[in-house]
């Protein structure tokens, strides 16, 4: 049994929740807006928590909050404490066999083009669920796996993490593109070296698409003529349409995000054939909703998306 004395020193669960939001936002006013509380209420709860701890938790530098060593320790412990509550809730929901609840996914940027279509079909089968997903580049989603706040993660190039269970569920072809009036448009069997000689528009460091392209180039012993780094698939498409260069993007970006004004090029050694993976932390309990979504994802091998998206040239792999 936890003594009252120990409980007094760690503060209340609500104070720990508020502390985490303030830590993430680095601002009391921003945290108050997110929590639907007044700033004085947030400040008062943090003051009570600091009194219970017996040490200052943060200090202000201009308009930003900096956290003390004690504050960092409270944040780390708060995450563990609240995760225990969350795991308990997941286990109890599983025991009750509830169909209600929430499902949270974190997906890499390119996956945002097709994940809503998959979620939509699943949601029609389970309309009572609260389904949410966050979007980030590969590096950001890998960081989220360490925070353990999501039921599932969607990658084309998952990290080497023994705690991640991975399910392959869709192909992901990376295609060469150019403006529809480009000299290479309409040609067949374009040498990779010729394509690589044109100004290339690439994704930012940390992007899964860039990661796949760089691995492919290493295997081919090729090098691109990089003109510009752009942090968005949509921006790259518009830059290609404008004649700023050529690029390589996921077939899903073109099929679901639109490809008007673009030509898919028939380049030797392309497309780059990768797959989408659904990942989950094995240490995280499965809620009934998560268990059903995992079963659903495992059946997607025969879904229409797995038969290609109708973009030419055809897959040579």
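Values quoted throughout were computed directly from the atomic coordinates according to the rules given, and no laboratory measurement underlies them. Nothing here was measured: the structure is a model prediction, and the numbers come from that model. As a convention, Cβ positions derive from the backbone with ideal geometry for all residues, glycine included, and neighbour counts pool all protein chains shown.
Among 241, 19, 44, a tally of other beta-carbon atoms within 10 Å of each Cβ gives an order, fewest to most, of 44, 241, 19.
Counting only alpha carbon atoms, the long axis of helix 69-96 and the longest principal axis of the chain meet at about 80°.
All C-alpha pair distances within the chain, sorted into 20 Å bins from zero, spread as 27, 46, 24, 3 percent across the bins. When the square roots of the Cα gyration tensor eigenvalues are ordered a ≥ b ≥ c, the ratio a/c for region 172-273 is under 1.5, which makes its shape rounded. Residue ranges 262-271, 162-171 sort as 262-271, 162-171 when ordered by packing (mean number of other C-beta atoms within 10 Å per residue, highest first). Among 111-118, 180-187, 293-300, the peptide with the highest mean count of other Cβ atoms within 10 Å heads the list, and the full ranking is 111-118, 293-300, 180-187. Exposure proxy for 272, 177: other Cβ atoms within 10 Å of each Cβ, ordered fewest to most, give 272, 177. Computed from the C-beta positions of residue 73 and residue 20 and an R0 of 22 Å, the FRET efficiency is 0.95 to the nearest 0.05.
Between residue 291 and residue 214, the FRET efficiency estimated from the beta carbon spacing at R0 = 41 angstrom works out to 0.70. Peptides 62-70, 223-231 ranked from most to least packed give 223-231, 62-70, packing being the mean of other C-beta atoms within 10 angstrom over each peptide's residues.
Taken along the Cα-to-beta-carbon direction at a fixed 7 Å, the label points for residue 85 and residue 165 span 2.7 nm.
Out of the DSSP beta bridges found with both residues in the chain, what percent are antiparallel (nearest 5)?
Percent antiparallel among DSSP bridges in the chain is about 60.
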